[in-house]
Structures are given as C-alpha cells and as structure tokens.
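Trainee: Dumping the structure here so I can ask a few things about it.
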Amino acid sequence: MNANDVKKMAKSLGADLCGIASMDRFEGAPKQQDPRYIFPAAKSAIVLGFRIPRGYFRGIEEGTYFAAYSGMGYGALNAIYMPMVMRELCCFIEDNGYEAAPVPNMYPGSSILFKTQKDEPNRSRSVDGEKPHPDILVDFRVMAFAAGMGEFGWSKMFLTPEFGPRQRLVAILTDAPLDPDPLFDGKICDRCKRCVSECSGNAISATETEGITIAGRWVEWGKFDAIKCSIAYRGGNPEYNPFMHSDAKPEEFQGKYAGNPELDKVLGYSGFNSSAVVEGARGCIRACMIHLEDKGVLKNKFENKFRTTPPWRIRPREDDNTGKCTKEYWE
Ligand code: SF4
C-alpha cells in the first residue's frame, strides 16, 4: 500500500480531496494541538477534504431555506458522512497491516475553549501529568496546509484550488510510511477582503494580521475574533436571522460566546449537531467563493453565477431605535 493507493481509495469512498503530511511537519505545534500526541508512532497524517456542494447554500442565499447547509453541509458532514468514509479508509489501511487512527471533526471533550481559542486546563486532567490533557484539539486547517492541500485565506478559512473555502476537513493518523505531498506553492487568496466586508459579525480584521509557522513556512491571515464569529454564525445578528425570537435582545449577545444556553433560546433555529450555522458563512465562504469563481481560479466550475441579485438583509424599521427585536422590527 502506497500513498497513491490510499488517495485512490479515499476518493472512491467519497472524499473529494486527499493530501498526506509527514508527522515532522507538526514540529512546533502547541502541545494541546499536536496530533503526534494522539498516535506517537504515526508516520503519516492523511487529510481528507469533503466539498460542501454549492447548492447547499442556495436556500440561505435566497433567504428561504436554511436547513440544507445547517443539516447536510455542516452537521451531517461532520457527524455522519465524513466518519463513514473515514471508517472505511481506516479499515482499508488496517487490512494492509497498518494502524489507522481517525481524527473526526467533533469536539466532545476539547482541551481548547472555543470562546477564547486558548488552552482550558480545567476542562480535563492529564493522565500522567506529562501528556497534554484530553481531548487534544488538532487544527484541521494546519493539517491540510501540512498535507499540501491549499493555503490559508485572509479569512483564516482554508482555501483549496478545487473548491476555494467550500470544504470540510478531517484526518487519519497512521504508522504507514506514506510519501508526503509537497507543500502548496500556488496562490489563491488575493486579499480582496470581501470576506471582511460581507461577514455579518465583523469577525475578521481588515488590517491586523496574526499567523503561525507550519512546516517551516510563515502563514498569516486577518486577525480573527472567535467570539464575534460564534455569535454571528449562529444567527446573533437580527439583520441576517429571520428566525430570531421576537423577545430577543441582540445587544445583550455582544461579547458572549454563542454556545451559551441563554443565547440558544432566542436565536430561533436549531440545526443538526447543535450548530445552527444559520448565517450561512456569508463572508468567509459565500463572498469568497463568489469572488474566486468570478476570477475563474477554482477548478470546480459552474455554468451559471451563484449570485445574480444583491444579497438580502432584514432592515430595522426607521422608527425602531429600541434595539429590541419586536415583531415590528422586521420589514
Ligand atoms: S474573500 Fe478575498 S481576501 Fe477573503 S479569503 Fe477569500 S480571496 Fe482572500
């Protein structure tokens, strides 16, 4: 079994993209995010990409149907489809005499708090005082970069030449010594900043940057505010959430991580896998995808443009300055 056998099998099972990283490319990773602590004898990380079909965003783009992206593009990909493909690929690798440890895109016991994206030492205990505390939270974008599958966009989304920002990622660690892919040398993001201007949560800075070194390369993106993103993507902005309860007070959401139960009560949309994603990745996926499709740089091409009319936005009544989402708030 060589790298090509694994890639061919991954694609035949349903993955759209497959790249391979050698484990030394994770040298320097923070201990709580280092995949080598999951499988210390691993020789290779197989990273799989699954496209989110463009049509999954159609109903949200029109403002009329939000279930497809929430259910199938997010929850079901993470919790059903990707694990099924990973299981079959793990079995294929183990039929060839090597162990295969899946790293699904789920966070049941994450050692990194999403609200701060920092280590949370009280979330769990190290089993021996030396190892990182479980669960290690790998960054799939970092893994995909190390596997040569694409680059970080200004939005901090991972961009591939095939689908731009429109995929979800998982990984399998194996002790099979597979040839790694070269790091990506192309250029996809042109710093157009449409991800910034169309993000409904103002979560991406237009000017400030942050970055890290991966496999010896400096990788940079626009400074990203995870709390603002968490509010926006779950529908915390009334201008982009037609389901928000009439007694919600959006101003009270600010600065709070959106996983809190009080906020969930008033957002009005319960998506599969407890992540409503009702905002539909307006800036980081849709705006970016539209821009990259217009430039003609993506391999997944379409006969027709995704957006042909200005995007919708629910406007407050002119006489409403209460900040409260009464029914009269909406036009
Ligand atoms: S929208 Fe433009 S700046 Fe933002 S990630 Fe996409 S290509 Fe880069």
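We did not get these values from a lab; they are worked out from the coordinates using the rules stated. Keep in mind that what you see is a predicted model, and the values were worked out from it rather than measured. Virtual Cβ from ideal backbone geometry, glycine too; neighbours counted across all protein chains shown.
Trainee: Expected output is a single nm value to one decimal: the length gained when fully extending between Lys131 and Thr308, i.e. 0.36 nm times separation in residues minus the C-alpha distance. What is it?
Mentor: Full extension of this stretch gives 58.5 nm more.
Trainee: Find the eigenvalues of the gyration tensor of the Cα atoms of the chain, then list the square roots of 5 times those eigenvalues as equivalent ellipsoid semi-axes, largest first, in whole angstrom.
Mentor: Semi-axes, largest first: 35, 23, 18 Å.
Trainee: Can you tell me the length gained on complete extension of the stretch Glu88 to Arg58, counting 0.36 nm per residue apart and subtracting the Cα distance?
Mentor: Full extension of this stretch gives 7.7 nm more.
Trainee: Right, something else. Taking the 0 to 90 degree range and rounding to the nearest ten, how far is the long axis of helix 82-95 tilted relative to the main principal axis of the chain, both from C-alpha atoms?
Mentor: 0
Trainee: Please compute the contact order of the stretch 41-104 in relative form: average sequence separation of alpha-carbon pairs under 8 Å and at least six residues apart, divided by the residue count, as a percent.
Mentor: Worked out over the stretch 41-104, it gives 21 percent.
Trainee: Expressed in nm to one decimal, what extension gain is obtained for the pair Asp179 and Ala76 from 0.36 nm per residue of sequence separation less their Cα-Cα distance?
Mentor: Stretched out fully, the Asp179 to Ala76 stretch lengthens by 34.0 nm.
Trainee: Need one number: convex hull volume per residue for the stretch 1-133, Cα atoms only, in Å³.
Mentor: Roughly 141 Å³ of hull volume per residue.
Trainee: Consider a paramagnetic label point 7 Å from the Cα of Ser110 along Cα→Cβ; state which residues of the stretch 137-161 have an amide N under 19 Å from it.
Mentor: Counting backbone N atoms under 19 Å from the label point, the list is 137-145, 153, 155-159.
Trainee: Just to confirm the filter: which trypsin sites (Lys or Arg not before Pro) across the stretch 148-251 are DSSP coil and have at most 12 other Cβ within 10 angstrom of their Cβ?
Mentor: Lys187, Arg191
Trainee: How high is the FRET efficiency between Trp218 and Asp24 when r is their beta carbon distance and R₀ equals 30 Å, given to the nearest 0.05?
Mentor: Working from the Cβ atoms, E equals 0.95.
Trainee: Now a separate question. Report the label-to-label distance for Asn202 and Lys187 in nanometres (one decimal), using points 7 Å from each Cα along the Cα→Cβ vector.
Mentor: 3.1
Trainee: Further question: Of the residues Pro108, Pro132, Pro161, which exhibits the maximal mean-square fluctuation in a Gaussian network model of the chain defined by a 10 Å Cα contact cut-off?
Mentor: Comparing Pro108, Pro132, Pro161 in a Gaussian network model of the chain, the most mobile one is Pro108.
Trainee: When only Cα pairs under 8 Å and 6 or more residues apart are kept, what is the percent relative contact order across the chain?
Mentor: 21
Trainee: How about the stretch 23-86: which GluC sites (Glu not before Pro) there lie in a loop by DSSP and see at most 14 other Cβ atoms within 10 Å?
Mentor: Glu27
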